[in-house]
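Chemist: A single structure is presented below for examination.
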Amino acid sequence: MKNVIFDCDNTYGVPDCDVDDGLTLIYLLGNKDVNLLGVTTTYGNNNVEVVYPNTIKMAKDLKVENLPILKGGANPTDLDNEASDYLVEMANKYEGELSILATGSLTNLYGAYLKDNNFFEKVKEIVLMGGITEPLIFAKRQMDELNFSCDPMATYTVLTKGRNVSVITGNNCLKVLVTREDYERELNDYFNPIVPYIKEKVDYWFDYNFENYGINGTYNWDVTAAVYLMRPEFFKNDRYKMKLSVEDLKRGFLNVNEDNNCVLNLPIIDNEELYNKDIYDTWKSIEI
């Protein structure tokens, strides 16, 4: 059992916004090996004034109204907030046993560190979704990095001071494309309430990706980070020496360089079949 805080920019169900954080929340709630201590909300896919109430609504939809949901910083300078307070509180309560999954801007984690400079030493592991090691180029246009670049100073601090940090990069997510046909095949049990809840919210995302990027499907960006946290055996660890800078992180770029100031693990999906099966099985196991 892992004690997890999910720090995210959840816009599941918000028009023209990403669905990945919401699908990640469903994965965490459906996973019997997760003790989800709370969700700390941040900005990225949208501003925190949208993300926070949207996450509360989603918790009500999923009948987990008792799940702690904390409002985080609205921008890189908004560091003193209830989300960072909660991160510090849980790091102290579960010292050495706290896992953090972060899939948006990292302002809240930076705020927690500024409140307690020993914060990262108390956290067991941090798994992030974000960053690029090379451009994300698709048929129609290049996709910008959307997480690390939101608050490059916070990102720099988390990556260089955090312990046991794994990063699911945008590039490594490209290994597994998910098509609409995959969803139709795997999510075909309409007697299970979660199935229509997922399909009704996600269906438009396939059209959005094709129209904007020429992608005939989607990628499980944030969900991949959650799967790595819970099922690392489906991945191959790949550690790199990095020379990071705030300037590079303004575009989310992770500079692999022997002249390094940190070492990061950039896991790669190694067993695609088990990875996919775990996602669908875990989604469908959630009880509403």
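Just so you know, all these numbers are worked out from the coordinates, no wet-lab data involved. Small disclaimer: the values here were computed from a predicted structure and weren't measured. Quick reminder, even Gly has a Cβ in these numbers, built from the backbone with ideal geometry, and neighbours come from all protein chains shown.
Chemist: Compute the signed sum of charges (Lys and Arg +1, Asp and Glu -1) over the other residues within less than 13 Å, Cβ to Cβ, of Tyr275.
Modeler: Taking every other residue near Tyr275 into account, the sum is -4.
Chemist: Report which label in [x] 17.1; [y] 13.4; [z] 14.9 holds the value of mean projected area of the Cα convex hull in nm² derived from the coordinates of this structure.
Modeler: Step by step, mean projected area of the Cα convex hull in nm² for this structure corresponds to label [y].
Chemist: In nanometres, what is the gap between the two model label sites at Glu200 and Arg239, each 7 Å from Cα along Cα-to-Cβ?
Modeler: Between Glu200 and Arg239, the simple spin-label model gives 4.7 nm.
Chemist: What does the C-alpha gyration tensor say about the overall shape of segment 1-124? Classify as rounded when a/c is under 1.5, otherwise prolate if a/b is larger than b/c, or oblate.
Modeler: In terms of gyration-tensor shape, oblate.
Chemist: What do you get for GluC sites (Glu not before Pro) in segment 242-288 restricted to DSSP loop and a cutoff of at most 11 other Cβ within 10 Å of the site's Cβ?
Modeler: Here the GluC sites (Glu not before Pro) that fit, given the DSSP loop and packing criteria, are Glu258, Glu287.
Chemist: While we're here: Restricting the count to DSSP beta bridges whose residues both fall in the chain, what percent are antiparallel, rounded to a multiple of 5?
Modeler: The antiparallel fraction comes to roughly 30 percent.
Chemist: Set the Förster radius R0 to 25 Å, insert the Cβ-Cβ distance between Thr77 and Val263 as r into 1/(1 + (r/R0)^6), and round the FRET efficiency to 0.05.
Modeler: In this case the efficiency is close to 0.25.
Chemist: Relative to the Cα centre, what is the charge dipole magnitude of segment 179-235, using +1 at the beta carbon of each Lys and Arg, -1 at the beta carbon of each Asp and Glu, and rounding to the nearest 20 debye?
Modeler: 140
Chemist: How big is the dipole moment of segment 84-218 about its Cα centre under a simple scheme where the beta carbon of each Lys and Arg is +1, that of each Asp and Glu is -1, and everything else is neutral? Debye, nearest 20, please.
Modeler: It works out to roughly 300 debye.
Chemist: Enumerate the helices in the chain for which the Kyte-Doolittle hydropathy averages 0.0 or more and the C-alpha atoms extend at least 18 Å along the helix's axis, using complete DSSP H runs.
Modeler: none
Chemist: Next up: Go through Thr42, Val64, Met1 and say which Cα lies farthest out towards the positive end of the charge dipole of the chain; charges sit on Cβ, +1 for Lys and Arg, -1 for Asp and Glu.
Modeler: Positive-end residue among those listed: Met1.
Chemist: Among Val223, Phe210, Pro135, whose Cα sits farthest toward the positive end of the charge dipole of segment 134-224 (+1 at Cβ of Lys/Arg, -1 at Cβ of Asp/Glu, about the Cα centre)?
Modeler: Pro135
Chemist: Please give the length that would be gained between Glu211 and Asn271 if that part of the chain were fully extended, namely 0.36 nm times their separation in residues minus their C-alpha to C-alpha distance (nm, one decimal).
Modeler: 18.6 nm
Chemist: If you average the sequence gap of Cα pairs under 8 Å that are 6 or more apart and divide by the length of segment 1-130, what percent do you get for the contact order?
Modeler: Reported relative contact order: 27 percent.
Chemist: To continue, here is another question. Where the only charges are on Cβ atoms (+1 Lys, Arg; -1 Asp, Glu), what is the dipole of the chain about its Cα centre, to the nearest 20 debye?
Modeler: Roughly 380 debye for the chain.
Chemist: Mind running the shape call on segment 1-49? Use the C-alpha gyration tensor, a ≥ b ≥ c as the square roots of the eigenvalues: rounded below 1.5 for a/c, prolate if a/b tops b/c, oblate otherwise.
Modeler: oblate
Chemist: Could I ask something else about it? For the chain, what does -39500 (n - 2.57) per DSSP helix run (n ≥ 4), summed and divided by total residues, give at 222 nm, in deg cm²/dmol to the nearest 500?
Modeler: Counting only the DSSP helices, I get -12000 deg cm²/dmol.
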